[in-house]
Structures are given as C-alpha cells and as structure tokens.
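Here you go, one structure.
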Amino acid sequence: MTAQIIDGKALSRQLRAGFRERVGHLQAQGVQPGLAVILVGENPASQVYVGNKIKACEECGVRSLHVGLPADVSEAEVLATIERLNADEQVHGILVQLPLPPHIPVARVLEAIAVDKDVDGFHLYNVGALVTGHSIFPPCTPYGVQLLLDATGTDVAGQNVVVVGASNIVGKPMGLMLLQREATVTICHAKTRDLAQHTILADILIVAAGKPGLIVPQMVKRGAIVIDVGINRLPDGRIVGDVCFDEVKEKASWITPVPGGVGPMTVTMLIENTLRSAERSFPLARGDDRHGWDAPPAARA
Ligand code: NAP
C-alpha cells in the first residue's frame, strides 16, 4: 500500500479562495478585517513566520499591521501596545509571535490580549473553552490538522488517535479537539515508556515532537492516517518532519508531507480565525452568527 498524500498546500489554496469572498462580503458591509502581528526582537525564524502571515493576509485581502518592538523592550511597553490594539476597532485579531525574550513573561502577555481578538487561541479562556468544545478561536495548528483529517473523508468518532507531543500549542489542544469529536485519544510525550506500543494502535497518528526520524514504519499500523506536524532543519539544510516519510508512506493510507502538509494550514487557519473575529464583530456581515469551531464551508464541501 502506498499512502495518498494529504495536500495542505492545495487545501489552503481552496480555503483562501473562499476567504477572499468573505472579505468582499465584509467590505461591502463597511468592515475591513485586520490582523496585528507583534514581533519582539529580530529572531530570524520568527521574522520568516511573521513574513508568511503578512503575505497570507495580503493574499486574502486582510489588512495587516506589523508592530516591531526592540528585543530590550519592557514588559510594560508590550502590555501597553496590546492594550492599544485591544481598543482599536480596526484590529480584529492580535498575535504575539513566540518565543519572546526571556525577560518578558509569556503568560502575562497572552492574557493581556482581548479574548475576542485572540486569533492564535492561546488566551486561557480559549484554552479552557476547548475542554467544553466552545472555544471561539481554536489554536491554528491543531485546527489545521482537523481540516486535513476532514479532507480524507474520515469520521474520527470512535477512532484510536495517538498524539505524540503534549505541548500547549499543538499536542494538548489537538487531543482535546479530537476528544470533542468522540475519538479515543492517547497523548504521548518524552517520558512515555515504549512509545511504539502506543503508536502501533493508532488509526490516526499525529506527531508533533520536533524530533526528525522519530516515527519509523515499525511503529505504524498498516492503513493508519499519519499527520506529521514536525518541522526540523537538518544539518544539510533540508526541512523534514518527525516521520520517516518515504518508509511510512508504504504502510499508511494517508500521510502529510513536510513541507506542504500542516505548515500552510497553520497560517490559513490564522486568517480563518481573523475573519471569524471580524464577522463576530458584525454578525450581519456573514448573514448568520456562527459560534464554535466547525470547519469553514470550503473544507466541508
Ligand atoms: P515543544 O513545545 O518542544 O513540544 C514537543 C513535545 O514533544 C513535548 O510534549 C515533548 O514531551 C514531546 N517529545 C519530545 N521528544 C519526544 C519523544 N522522543 N517521544 C515522545 N514525545 C516527545 O514543540 P511544539 O511547539 O509542540 O512543536 C512540535 C513540532 O511541531 C516542532 O517540530 C515544531 O517546529 C512543529 N510545529 C509545526 C507547526 C506547523 O505549522 N507545521 C506549528 C507548530 C509547531 P515533554 O512534554 O515530555 O517534553
């Protein structure tokens, strides 16, 4: 068996085409959706991520506001910047690019973002609401994975899902979102004993550990769906995931490539959340008043 590829780039393109229509609808009602991205310091990887987000905004017709702050900025200045953006009616989403310099407490910064502009979904309210399935803005990476799973036509209810990685931004919210969809979820982490005894049972295996080569074919059930969230740069410059793609694709039924799988979806879901925020600010602009985090219409089609 050779797995079918779950093409995150193609799904992103399809979703973004739908976003442009939604932006047009909002603009016709006098609402210009806007996303503010705060970058503290000059971390080169963060600069690339911020650049990608701003490019995606441009592509979809969302106004972007890039707020660059120096690496030695005080906590008070960062909080004052967020306060200003919280009060700005033209800003529907606020994102603080992580990591922050060590002298800035991440938790306090994330809590300062208004809950209804927290398009990264990292505010405690949105994190807590994931437990009950009422998060306004699901975190972008697991949200993207959910749509990639939907694109395979798989109903996750009753499936054994194993998530490798238990971070606050990927592994834990991923587990909660799929539990909400009635999957049977196991979350593994670095202290999990005998990882393979868990992964081999997975109908759906989602890997977000940041360890290249972690998942070899012997750890994968024949016919499993494998989603590789990992992004790792090898010494020779190649970007790879956490899964041995060439070997595992001979055993899986569906698999995401790296790059071109989860990565593009993360940025796309950020735009989805920003549009959702703009629509929530003016429910008539969409023609309905959506709550919760169902798949956007293009992904459901
Ligand atoms: P993280 O905060 O470093 O968390 C990694 C998680 O993996 C931790 O829970 C850790 O366990 C677990 N882990 C590490 N080694 C393991 C092992 N050998 N066996 C089992 N579990 C192990 O990383 P993250 O932010 O979640 O990101 C994970 C990966 O996804 C990275 O490669 C990152 O670049 C990538 N990523 C990609 C996207 C995207 O858009 N595609 C978005 C976000 C992240 P402990 O909790 O026990 O330490």
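Suppose we keep just the DSSP beta bridges with both residues in the chain; what percent of those would be antiparallel, to 5?
Bridges in the chain that DSSP calls antiparallel: roughly 5 percent.
Another question, then. For residue 9 and residue 186, calculate 0.36 nm times their separation in residues minus their Cα-Cα distance, and state this gained length in nm to one decimal.
60.9 nm
Rounded to the nearest 5, what % of DSSP beta bridges with both residues in region 140-262 are antiparallel? It would help to have the intermediate numbers written out before the result.
On the way: 2 of 18 bridges.
Percent antiparallel among DSSP bridges in region 140-262 is about 10.
What ranking of 55, 172, 191 comes out by heavy-atom accessible area, probe 1.4 Å, highest first?
191, 55, 172
To test your reading of the geometry: what angle, between 0 and 90 degrees and rounded to tens, separates the Cα axis of helix 75-87 from the longest principal axis of the chain?
Orientation of helix 75-87: about 80 degrees from the principal axis.
Okay, next question. Just for the Cα atoms in region 200-248, what are the lengths along the principal axes, largest first, rounded to whole Å?
32, 17, 12
Can you compute 3J(HN,Hα) from phi for each residue in region 209-218, using the Karplus curve 6.51 cos²θ - 1.76 cosθ + 1.60 with θ = phi - 60°, rounded to whole Hz and x for Gly and Pro?
10, x, 10, x, x, 5, 9, 9, x, 4
What are the ³J(HN,Hα) couplings of region 180-187, residue after residue, when phi is run through the Karplus curve with 6.51, -1.76, 1.60 and θ = phi - 60°? Round to Hz, x for glycine and proline.
The phi angles translate into 4, 8, 6, 7, 9, 10, 10, 10 Hz.
OK, next. Find the centroid of the Cα atoms in region 1-72 and in region 82-152, then give the distance between the two in whole Å.
14
Taking all protein chains as present, what is the carbon and sulfur share of the accessible area of region 140-262, in % to the nearest whole number, probe 1.4 Å?
Accessible surface attributable to carbon and sulfur in region 140-262 totals 54 percent.
Helix 262-281: angle to the longest alpha-carbon principal axis of the chain, degrees 0 to 90, nearest 10?
Approximately 40 degrees, to the nearest 10.
Let me ask you something else. Return the calculated 222 nm mean residue ellipticity for the chain, to the nearest 500 deg cm²/dmol, obtained by summing -39500 (n - 2.57) across DSSP H runs with n ≥ 4 and dividing by the residue count.
Helices in the chain give a 222 nm mean residue ellipticity of -12500 deg cm²/dmol.
What whole-number value in cubic angstrom gives the convex hull volume per residue for the C-alpha atoms of region 140-262? Write down the numbers at each step before the final one.
Details: hull volume 12.0 nm³, N = 123.
It is 98 Å³ per residue.
Moving on. Could you do me a favour and compute the accessible area per residue for the chain, 1.4 Å probe, result in Å²?
For the chain, the per-residue accessible area is 45 Å².
Would you please report the Å³ per residue occupied by the convex hull of the alpha carbon atoms in region 1-124?
Details: hull volume 16.9 nm³, N = 124.
Cα convex hull per residue, to the nearest whole number: 136 Å³.
Mind checking the angle between helix 44-60 and the chain's longest principal axis? C-alpha axes, 0 to 90 degrees, to the nearest 10.
70
Now, a different point. Given the chain, what whole percent of its Cα pairs are spread farther than 32 Å?
Details: 11601 of 45150 pairs.
Here the tail beyond 32 Å accounts for 26 percent of pairs.
Next question. Give me, ordered by chain and number, the residues 5 or more places off residue 189 or on other chains with an amide H under 5 Å from its own placed amide H.
Answer set, sorted by chain and number: 165.
The values are calculated or read from the model by the stated rules, or taken from the named source; none is laboratory data. Just so it is clear, the model here is predicted, and its values are computed rather than measured. When the accessible area is computed, the model is the full protein with side chains, heavy atoms only, and any ligands, DNA or RNA have been set aside. Shrake-Rupley method; radii C 1.70, N 1.55, O 1.52, S 1.80 Å.
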